[in-house]
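**Q** Questions regarding the structure given below will be posed in turn.
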Amino acid sequence: MCGRFGLITSPEATAEAFDLTGIDPFPPRYNIAPSQPILMVVNASELTGGGQGRTALLVRWGLIPAWVKDGRDFPLLFNARAESAAEKPAFRGAMRHFRALVPASGFFEWRKTGGKGTAQPYWIRPRHGGIVAFAGLMSPWQGADGTELDTGTILTTEASGVVAKLHDRSPVIIMPEDFDRWLDCRDLEPRHVADLMKPAPDDFFEAFPVSKAVSNARNLGADLIEPIGPALLPDAPEPGPGEQMDLF
């Protein structure tokens, strides 16, 4: 799954990586948690019907389907399983009409190493650095009281490589050469992009153990992604005894 991630790349580098028509300034974010605003990239034409190129907007991380009347009584859908999203009522409309990209520098996963409170967090990033695109879904929502909110979720798939040593799920990664296909909701249905929702190559990520301070969403500093031990690579031994843990 993906319950925490970071975006520490500059706005200018993000705009270049996603070929955006424009982007508002934003600070580095080292510990993004569900319910917080996240950046999503969509085709401008999907929003206005007449825009050109790609645009970025802030979306609440936690999708609310359009048919929900009261968002306060609805669970926080911050992840969606790629294997079933096209059929699930909560995600079906977004899969057809509002596929998006979520810029990220990396994400966190926890591995349980003993008793309660001993889970070790890892910062997982591309082995060659840079920015990645998680597959996302956006859902514009309007409450019965007139409240309007753009909401979204991150698609997950079977983990591979180093991530599989820590958890059985991982964000779907959309490669730059596939951005156009994924974002084209006018001509391409979910079945036409199903092949993109696959595990990342085994050697795509590396993982570092980091401070347990990241477990508290109120901690926001750059020290949260500083390694406190050697990198965990796909061909390295697994990190000690224990079972997989999902923090959320």
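The values are calculated or read from the model by the stated rules, or taken from the named source; none is laboratory data. Computed from a predicted structure; not experimentally measured. FYI the Cβ positions are ideal-geometry reconstructions off the backbone, even for glycines, and counts take in every protein chain you see. In case anyone asks, the SASA skips ligands and DNA or RNA and just uses the protein heavy atoms, side chains included. Shrake-Rupley method; radii C 1.70, N 1.55, O 1.52, S 1.80 Å.
**Q** Considering only residues that are under 19 Å from residue 120 (Cα atoms) and either of a type in the set (Val, Ile, Thr) or in a helix (DSSP H, G or I) (or both), which ones fall in region 166-210?
**A** 210
**Q** Looking only at region 114-136, decide whether some residue is modelled with pLDDT under 95, touching a Gly at 6+ places or on another chain (Cβ under 6 Å), at negative phi and not basic (Lys, Arg).
**A** Looking through region 114-136, none of the residues is modelled with pLDDT under 95, touching a Gly at 6+ places or on another chain (Cβ under 6 Å), at negative phi and not basic (Lys, Arg).
**Q** Restricting attention to region 147-158, which residues are more than 24 Å from residue 193 (Cα to Cα) and in a strand (DSSP E or B)?
**A** 148, 149 - these are the residues of region 147-158 that are more than 24 Å from residue 193 (Cα to Cα) and in a strand (DSSP E or B).
**Q** Kindly establish whether residue 22 is farther than 22 Å from residue 220 by Cβ, open to solvent by less than 30 Å² (accessible area, probe 1.4 Å) and modelled with pLDDT under 90.
**A** no
**Q** For region 199-211, check the following and say yes or no: at least one residue is among the polar types (S, T, N, Q) and touching a Pro at 6+ places or on another chain (Cβ under 9 Å).
**A** Scanning region 199-211, I find at least one residue that is among the polar types (S, T, N, Q) and touching a Pro at 6+ places or on another chain (Cβ under 9 Å), so the answer is yes.
**Q** Name, by its number, the condition in (1) acidic (Asp, Glu); (2) under 22 Å from residue 212 (Cα atoms); (3) open to solvent by 10 Å² or more (accessible area, probe 1.4 Å) that does not hold for residue 70.
**A** Checking residue 70 against (1) acidic (Asp, Glu); (2) under 22 Å from residue 212 (Cα atoms); (3) open to solvent by 10 Å² or more (accessible area, probe 1.4 Å), the one that fails is (2).
**Q** Return yes when residue 163 is open to solvent by less than 10 Å² (accessible area, probe 1.4 Å), at pLDDT 95 or above and not in a strand (DSSP E or B) and no when it is not.
**A** Answer is yes for this residue.
**Q** Considering 190, 209, 230, 171, which residue is of a type outside the set (Asp, Glu), modelled with pLDDT of 95 or more and more than 19 Å from the chain's Cα centre (by Cα)?
**A** So the residue among 190, 209, 230, 171 that is of a type outside the set (Asp, Glu), modelled with pLDDT of 95 or more and more than 19 Å from the chain's Cα centre (by Cα) is 209.
**Q** Which of the following residues is closer than 22 Å to residue 219 by Cα and either in contact (Cβ under 8 Å) with a residue 24 or more places away in the chain or β-branched (Val, Ile, Thr) (or both): 63, 58?
**A** Every option except 58 fails the conditions.
**Q** Also: Going through region 1-32 one residue at a time, which ones are touching a strand residue (DSSP E or B) at 6+ places or on another chain (Cβ under 9 Å), among the polar types (S, T, N, Q) and outside any helix (DSSP H, G or I)?
**A** Across region 1-32, the qualifying residues are 9, 21, 31.
**Q** Can you tell me which residue in region 172-221 is surrounded by the fewest Cβ atoms within 10 Å (Cβ to Cβ), limited to those that are out of contact with any helix residue (DSSP H, G or I) (no Cβ under 9 Å at 6 or more places or on another chain) and closer than 14 Å to residue 108 by Cβ?
**A** 216
**Q** Out of all the residues in region 60-99, which are within 23 Å of residue 170 (Cα to Cα), charged (D, E, K, R) and touching a Gly at 6+ places or on another chain (Cβ under 9 Å)?
**A** If the condition is that a residue be within 23 Å of residue 170 (Cα to Cα), charged (D, E, K, R) and touching a Gly at 6+ places or on another chain (Cβ under 9 Å), then 60, 99 are the ones that fit.
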